[in-house]
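The values are calculated or read from the model by the stated rules, or taken from the named source; none is laboratory data. Since we're looking at a predicted model, the values are computed, not measured. Note that each Cβ is placed from the backbone with ideal geometry, even for glycine, and that neighbours are counted across all protein chains shown.
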């Protein structure tokens with residue numbers, strides 16, 4: 001894997017990171033005390049958070065496997081990828097075709113550091129440190145251009161990241177910008193945190209904005225996420241709670257609580 005430059009002093013371990021909190025919920029070890037404290041505090045108020053994170057990871061695995069195996073996708077750009085963990089996008093895609101190419105995008109410098117440390121022997125994979133809103137910078141990055149042929153279909157992944165964007169960043173416009181750069185037959189994979197309970201939306205939004213220093217968006221309602229994908233062909237079974245999106249079998253874990261959910265699906269670009 002190729003990476004851009006990284007400086008150890010770029011990481012502030014005293015401020016919780018969304019990527020590291022997610023790592024903590026998945027049982028990883030690449031997190032710090034501030035991340036663990038924030039994660040446990042959130043669990044006190046919204047106990048389903050850890051289960052939600054696990055089910056979201058299962059969704060990512062299924063989507064990548066299905067797009068690679070059933071739709072022939074060999075190129076993936078994973079926006080807001082987070083820390084490397086088990087069954088990463090490149091591992092799933094390359095199990096279908098070893099020549100599958102993956103670009104991971106994240107603005108957390110620790111993601112870049114671990115990308116270099118864990119994945120630097122994979123020539124078909126790269127990490128780009130960038131804000132996911134910087135479409136031109138990401139798609140025009142030398143590492144992206146090295147790996148991704150934009151004349152061929154690409155899967156652009158936005159899995160559990162759009163809630164990190166405030167409304168002023170216009171997530172729907174971001175998706176349109178990316179879609180315009182992709183060839184017909186490409187896909188947008190989108191899910192984000194939603195709740196139909198105003199008190200949950202308000203608490204989590206305020207809590208995450210506070211602990212991240214204001215670098216967060218908000219928990220939305222399902223109809224808002226649906227509007228992000230207006231005009232695109234949505235693959236079956238539509239936009240749903242993600243544990244119910246094409247489960248592997250009847251024993252696959254299903255989200256049992258409705259405090260908040262990851263909600264979304266896959267859209268095809270024609």
Quiz item: Looking at (1) in a strand (DSSP E or B); (2) at pLDDT below 95; (3) farther than 25 Å from residue 42 by Cα, which is the only condition residue 249 fails?
Solution: (1)
Practice problem: Select, from 129, 91, the only residue that is touching a helix residue (DSSP H, G or I) at 6+ places or on another chain (Cβ under 7 Å), modelled with pLDDT of 90 or more and under 24 Å from residue 18 (Cα atoms). | Solution: 129
Quiz item: From the set of residues in the stretch 32-50 that are touching a residue at least 60 places away in the same chain (Cβ under 8 Å) and surrounded by fewer than 16 Cβ atoms within 10 Å (Cβ to Cβ), which is farthest from residue 243 (Cα to Cα)?
Solution: 41
Exercise. Answer with yes or no whether residue 239 is at pLDDT 95 or above and surrounded by 19 or more Cβ atoms within 10 Å (Cβ to Cβ).
Key: yes
Exercise. Consider residue 211 carefully, then state whether it is surrounded by 21 or more Cβ atoms within 10 Å (Cβ to Cβ) and touching a helix residue (DSSP H, G or I) at 6+ places or on another chain (Cβ under 9 Å).
Key: yes
Quiz item: Right, residue 262: over 17 Å from the mean Cα position of the chain (by Cα), under 30 Å from residue 15 (Cβ atoms) and either surrounded by 13 or more Cβ atoms within 10 Å (Cβ to Cβ) or modelled with pLDDT under 95 (or both) or not?
Solution: no
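On the given criteria, is residue 183 within 27 Å of residue 125 (Cα to Cα) and surrounded by fewer than 19 Cβ atoms within 10 Å (Cβ to Cβ)?
Yes; evaluated as a whole, the condition is true for this residue.
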Self-check item: residue 120 vs. criteria touching a residue at least 24 places away in the same chain (Cβ under 8 Å) and over 15 Å from the mean Cα position of the chain (by Cα)
Solution: yes
Quiz item: Does residue 178 meet the test of being closer than 18 Å to residue 22 by Cα and in contact (Cβ under 8 Å) with a residue 24 or more places away in the chain?
Solution: no
Exercise. Could you pull out the residue among 190, 219, 204 that is crowded, with 16+ Cβ neighbours inside 10 Å, within 16 Å of the chain's Cα centre (by Cα) and within 14 Å of residue 42 (Cβ to Cβ)?
Key: 219
